[in-house]
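Okay, here's the structure, questions in a sec.
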Amino acid sequence: MKTEVLPLDAASLERAALSLRAGEVAAFPTETVYGLGADALNAQAVGKIYAAKGRPADNPLIVHIAELGDLDKLITGADARARALMGAFWPGPLTLILPRGSRVPDVVSAGLDTVAVRMPSHPAALALIRAAGTPLAAPSANRSGRPSPTTAAHVLADMDGRVPLILDGGACSVGVESTVLDLTRGQAAILRPGGVTLEMLRTLLPEVRVDEAVLRPLAAGGEARSPGMKHRHYAPAARVIVVTGGGEARAAAIRGRYDAAALEGQRAVILCQAGHAALYGDRKAQVLGDGAGEMAANLFAALREADAQGMELILAEAIQTEGMGLALMNRLLRAADFEVAEAGGCQNSE
Ligand code: TXA
Ligand code: MG
């Protein structure tokens, strides 16, 4: 199959929509990451998503809608909490787990009796859903296990020859996947932190909590509330170590590990906050940005870049888990397969 990358214009949107209506897949930009979409109500089309990604069949997909009216096709009902959250945060990077309606094929939900739904805010995503005339099931458009794509070039790197077309909408603004909030098991729980933060959700839902698996590995035999939690994710080829602690103690620990790796001939890179690069002298350091939001937006591109440069070790500064820091730490820890080095010093940091 030849993969075409199309510029974002009316003609491309129409082509992509036609292709989706015909039961094909298409990759498109959202404000979070690029998605690989298919008609959510067509089981055969959705099957092509799993095939193109190499995605395990037990990991369900998020269904994307453009109008609240589309909800009736997908869920059996939304309670007052769900309605309030939709009013406040849709369109935007918030996915709600809701009771699944009978028209949603099993393959979308991996057989669960719930379905994940979100209304993205990216104008091209909304236009595509409307033009396709159907909700779109769309996971991130990476090969399973790779970092999520935040540019069309990332999608092409993973999907060349596996999907017919990619709409190129430039870089994604949020840069990490949506917040996944489960509303189906009593107390609302964040299964995956993202662009709508815990603090933002608390303004409407003071009781919301963060699932244990967000910052810790699943206990052996433990049940994953979100099947995505059990699969290694966001993983570059390099070994990733997250280094906690603060100030000079952390910088010294990172320098020590970097130098030890270099002595063994390993290629290493440090991922750090703006203003910290000088702490690492002439070692190779990649600044992710100033503040957690910017750092999160640049993380996946940095992980892919490290792979492209043949890096074998990535030493990442930990960050406080406030605001977007929670999403950033969740992705870093999962990329590291929860390998953490504690440097001491006063916890976080300058
Ligand atoms: O920002 C995003 O959410 C992007 C863009 C394309 O919208 N999509 C995305 O999809 O990240 P994906 O498939 O990479 O991640 C979906 C996550 C997985 O962790 C999956 O396990 C979880 O949502 N999920 C989906 N349906 C679920 C359900 N019914 N119950 C619990 N977790 C669910
Ligand atoms: Mg994904």
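The values are calculated or read from the model by the stated rules, or taken from the named source; none is laboratory data. Given the structure is predicted, the values throughout are model-derived calculations rather than measurements. Cβ placement follows ideal geometry from the backbone for every residue including glycine, while neighbour counts extend to all protein chains displayed.
Do you know which residues across segment 225-241 are more than 12 Å from ligand 2 (Cβ to nearest atom) and at pLDDT 75 or above?
Result: PRO236, ALA237, ALA238, ARG239, VAL240, ILE241.
Could you identify the single residue in ASP72, ASP113, ASP39, ASP79 that is without any contact (Cβ under 8 Å) to a residue 24 or more places away in the chain and either of a type in the set (D, E, K, R) or touching a Phe, Trp or Tyr at 6+ places or on another chain (Cβ under 8 Å) (or both)?
ASP113 is the lone residue from the list that is without any contact (Cβ under 8 Å) to a residue 24 or more places away in the chain and either of a type in the set (D, E, K, R) or touching a Phe, Trp or Tyr at 6+ places or on another chain (Cβ under 8 Å) (or both).
Would you point out the residue of segment 74-97, among those that are more than 16 Å from ligand 2 (Cβ to nearest atom) and part of a loop (DSSP other than H, G, I, E, B), that is farthest from ALA40 (Cα to Cα)?
Per the stated criteria, the residue is ASP79.
Only one of GLY145, GLY170, GLY161, GLY175 is at positive phi, at pLDDT 95 or above and within 14 Å of ligand 2 (Cβ to nearest atom); which?
After applying the criteria, what remains is GLY175.
Can you tell me which residue among VAL33, VAL104, VAL63 is assigned to a strand (DSSP E or B) and touching a residue at least 24 places away in the same chain (Cβ under 8 Å)?
When all the criteria are applied, what remains is VAL63.
Which of the numbered conditions does ASN142 fail, given that it passes all the others? Conditions: (1) more than 12 Å from ligand 1 (Cβ to nearest atom); (2) touching an Asp or Glu at 6+ places or on another chain (Cβ under 6 Å).
The one condition ASN142 does not meet is (1).
Please enumerate the residues belonging to segment 108-127 that are in a loop (DSSP other than H, G, I, E, B) and more than 24 Å from ALA43 (Cβ to Cβ). Explain how you work it out, then say what you get.
First, the residues of segment 108-127 that are in a loop (DSSP other than H, G, I, E, B): 110-113, 119-122.
SER121, HIS122 - these are the residues of segment 108-127 that are in a loop (DSSP other than H, G, I, E, B) and more than 24 Å from ALA43 (Cβ to Cβ).
Next question, about the same structure. Among the candidates GLU322, GLU248, single out the residue that is more than 28 Å from ALA153 (Cα to Cα), part of a loop (DSSP other than H, G, I, E, B), out of contact with any Lys or Arg (no Cβ under 8 Å at 6 or more places or on another chain) and not basic (Lys, Arg).
GLU322
Right, here's the next one. Restricting attention to segment 293-337, and to residues there that are at pLDDT 95 or above and on the phi > 0 side of the Ramachandran plot, which single residue is nearest to the chain's Cα centre (by Cα)?
GLY323
Determine which single condition VAL287 fails, assuming it passes every other condition in (1) aliphatic (A, V, I, L, M); (2) in a helix (DSSP H, G or I); (3) without any contact (Cβ under 8 Å) to a residue 24 or more places away in the chain.
Every listed condition holds for VAL287 apart from (2).
Could you tell me which residue of segment 13-30 is surrounded by the fewest Cβ atoms within 10 Å (Cβ to Cβ), considering only residues that are in a helix (DSSP H, G or I) and touching a residue at least 60 places away in the same chain (Cβ under 8 Å)? Reasoning before the result, please.
Narrowing segment 13-30 to residues in a helix (DSSP H, G or I): 13-21.
Still in the list and also touching a residue at least 60 places away in the same chain (Cβ under 8 Å): 13-17, 19-21.
Numbers: LEU13: 20, GLU14: 13, ARG15: 17, ALA16: 27, ALA17: 20, SER19: 18, LEU20: 25, ARG21: 15.
Among residues in segment 13-30 that are in a helix (DSSP H, G or I) and touching a residue at least 60 places away in the same chain (Cβ under 8 Å), the one surrounded by the fewest Cβ atoms within 10 Å (Cβ to Cβ) is GLU14.
Among ARG130, ARG118, ARG100, which is of a type in the set (Lys, Arg), at pLDDT 95 or above and within 16 Å of ligand 2 (Cβ to nearest atom)?
ARG118
So that you can scan it fast, the table gives a plain yes or no per residue for (1) within 15 Å of ligand 1 (Cβ to nearest atom); (2) surrounded by 22 or more Cβ atoms within 10 Å (Cβ to Cβ); (3) of a type in the set (Val, Ile, Thr):
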{"position": "PRO149", "(1), (2), (3)": "yes, yes, no"}
{"position": "GLY161", "(1), (2), (3)": "no, no, no"}
{"position": "LEU167", "(1), (2), (3)": "yes, yes, no"}
{"position": "GLY175", "(1), (2), (3)": "yes, yes, no"}
{"position": "LEU181", "(1), (2), (3)": "yes, yes, no"}
{"position": "ASP211", "(1), (2), (3)": "yes, no, no"}
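Scan segment 292-308 for residues that are of a type in the set (A, V, I, L, M) and farther than 14 Å from LEU328 by Cβ and jot them down. Give the steps one after another, and end with the answer.
Of all residues in segment 292-308, those of a type in the set (A, V, I, L, M) come to 292, 295-297, 299, 301-303, 306, 308.
Within segment 292-308, ALA306, ALA308 qualify.
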